[in-house]
Amino acid sequence: AVPRTRILATGGASHNKKILQVLSDVFNVPVFTIDTANSACLGSAYRAIHGLVAERNVSLADVVKLAPEPRLAVTPTPGAEEV
């Protein structure tokens with residue numbers, strides 16, 4: 001099951017596991033990545049599709065169901081929230 005609170009990292013920094021671990025530890029949530037180039041463009045495309053189908057009460061969640069599944073990259077280091 002995918003946690004309700006998580007970080008989805010994209011872009012160049014998403015390939016740096018140490019940066020992802022810091023994010024995970026600071027926010028105490030798992031960090032996921034997607035293996036998609038130009039993720040900002042992809043997000044914009046999904047929003048555009050959502051705009052086109054908005055009259056039919058289609059939610060953004062329904063539009064992005066076909067998006068690539070995020071992959072778990074890192075989880076919080078035990079005890080990091082205490083630091």
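The values are calculated or read from the model by the stated rules, or taken from the named source; none is laboratory data. Just so it is clear, the model here is predicted, and its values are computed rather than measured. A quick note on method: Cβ atoms are made from the backbone with ideal geometry, for glycine too, and the neighbour counts reach across all protein chains shown.
Odds and ends about this structure:
- If you go through segment 15-34 and pick out every residue that is under 11 Å from the mean Cα position of the chain (by Cα) and over 18 Å from residue 77 (Cα atoms), you end up with 1.
- Some residue of segment 47-60 being within 24 Å of residue 13 (Cα to Cα) and out of contact with any Phe, Trp or Tyr (no Cβ under 9 Å at 6 or more places or on another chain): yes
- For first residues located in segment 59-83 and closer than 12 Å to residue 27 by Cα, partners that are assigned to a loop (DSSP other than H, G, I, E, B) and at pLDDT 85 or above and lie 6+ apart or on another chain with Cβ distances below 6 Å form the pairs 75/30; 76/28; 81/28.
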